[in-house]
């Protein structure tokens, strides 16, 4: 989630990047320069307004709960404690990038990613244990011990570090990894630990959890918690509703690259094919357009962006080389099971499916030129 902040650079890394640049061809350099704006621009999702409204709710509840809202009498005791905002959506929906953008651009989170910010963001470890999550948070808060803190001791350390650091909001990305806990007792312990942070009188904490749709089950069996939880779901796009926004995304990104045009991709048929290829997920759709522009620059040096460039990108992402199974080329493209081409089952140590899925590694063979 902190990917939008510059990474620290040491002399060895700097020398490595200098060697890359020294051996970069003029063509590679030209493509990278042309793609700079295309890759860095932020395209708001259709859930942007809803997400920011719920972040407002989270922040306002903090003001009232902690007696910091002018005109509202201070509460004699905490009424509810911290709140939870849950942001869910399938892989590629754009939720992580939307949250990252909110964290970086909203003035309430000034200094995000640096010591002293009241918001801390971590990625849930996988394989997931409560102890591993606690140690990851402790590291982010500045703990540098050589050994991991014991499971039974790490969360008191986390709570103390959060208080010392002034962190009031904890964001856990990929929080559905908690589903990897394979016993009801351990799962309940995780829920209780997070609840305790939201009820700790000395230092109340508010939570933002983001991940796959199964995350919406968090605390739903606890009547005292359900009223403190709100969910923003990044639902899949649809052709009926989003054909024109898809065309707008295409036009907006191409406009950032003067060497490329898109005169041949204005039909609704193409928008529908693109939606289907992206499994109707906003983030994947944007990546397809970006990658197709890069393919057009790399192969043709620019010019008109065509459906063949998108077909090549699909082959690169999935390894599928049969045109009859490529949604940009096939006649019966709606029948193609794109999700099974883009994702694969996550297996446990014994080789059995865990019920979770991950993106397949990109492949480079078999691309049509």
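Scan segment 301-317 for residues that are in contact with a strand residue (DSSP E or B) (Cβ under 9 Å, 6 or more places away or on another chain) and assigned to a helix (DSSP H, G or I) and jot them down. Listed by number, the list holds a single entry, 317. Scoring residue 148 on the criteria (1) exposed (fewer than 15 other Cβ atoms within 10 Å of the Cβ); (2) part of a loop (DSSP other than H, G, I, E, B); (3) without any contact (Cβ under 8 Å) to a residue 60 or more places away in the chain leaves a single failure, condition (1).
Look at residue 184 and say whether it is closer than 27 Å to residue 89 by Cβ, modelled with pLDDT under 95 and under 19 Å from the mean Cα position of the chain (by Cα). Spelling it out, it is not the case that residue 184 is closer than 27 Å to residue 89 by Cβ, modelled with pLDDT under 95 and under 19 Å from the mean Cα position of the chain (by Cα). Considered as a group, the residues in segment 225-263 that are in contact with a strand residue (DSSP E or B) (Cβ under 6 Å, 6 or more places away or on another chain) and farther than 30 Å from residue 65 by Cβ include one that is modelled with the lowest pLDDT, and that residue is 263. Taking into account only those residues within segment 1-18 that are outside any helix (DSSP H, G or I) and out of contact with any helix residue (DSSP H, G or I) (no Cβ under 9 Å at 6 or more places or on another chain), which is modelled with the lowest pLDDT? Checked segment 1-18; the qualifying residue modelled with the lowest pLDDT is 6.
Say whether the condition of being surrounded by fewer than 19 Cβ atoms within 10 Å (Cβ to Cβ) and farther than 20 Å from residue 198 by Cβ is met by at least one residue in segment 153-170. There is at least one residue in segment 153-170 that is surrounded by fewer than 19 Cβ atoms within 10 Å (Cβ to Cβ) and farther than 20 Å from residue 198 by Cβ.
Report whether or not residue 138 is crowded, with 20+ Cβ neighbours inside 10 Å, assigned by TED's automatic domain parsing to the domain that holds residue 194 and out of contact with any strand residue (DSSP E or B) (no Cβ under 7 Å at 6 or more places or on another chain). It is true that residue 138 is crowded, with 20+ Cβ neighbours inside 10 Å, assigned by TED's automatic domain parsing to the domain that holds residue 194 and out of contact with any strand residue (DSSP E or B) (no Cβ under 7 Å at 6 or more places or on another chain).
In the list 215, 204, 209, which residue meets the criterion of being crowded, with 16+ Cβ neighbours inside 10 Å, assigned to a loop (DSSP other than H, G, I, E, B) and at pLDDT below 95?
Of 215, 204, 209, the one residue that is crowded, with 16+ Cβ neighbours inside 10 Å, assigned to a loop (DSSP other than H, G, I, E, B) and at pLDDT below 95 is 204.
If you filter segment 19-37 down to residues that are part of a helix (DSSP H, G or I) and more than 30 Å from the chain's Cα centre (by Cα), you find that the one that is nearest to residue 289 (Cα to Cα) is 27.
Annotation note: of 75, 119, the sole residue that is modelled with pLDDT of 90 or more and either more than 30 Å from residue 287 (Cα to Cα) or touching a strand residue (DSSP E or B) at 6+ places or on another chain (Cβ under 9 Å) (or both) is 119.
Just one of (1) under 22 Å from residue 330 (Cα atoms); (2) touching a strand residue (DSSP E or B) at 6+ places or on another chain (Cβ under 8 Å) fails for residue 268. It is (2).
Taken together, 92, 116, 82 contain a single residue that is surrounded by fewer than 15 Cβ atoms within 10 Å (Cβ to Cβ), in a loop (DSSP other than H, G, I, E, B) and assigned by TED's automatic domain parsing to the domain that holds residue 228, which is 116.
The values are calculated or read from the model by the stated rules, or taken from the named source; none is laboratory data. On a predicted model such as this, the values are computed, not experimentally measured, just so you know. Note that we place each Cβ from the backbone using ideal geometry, even for glycine, and neighbour counts take in every protein chain shown.
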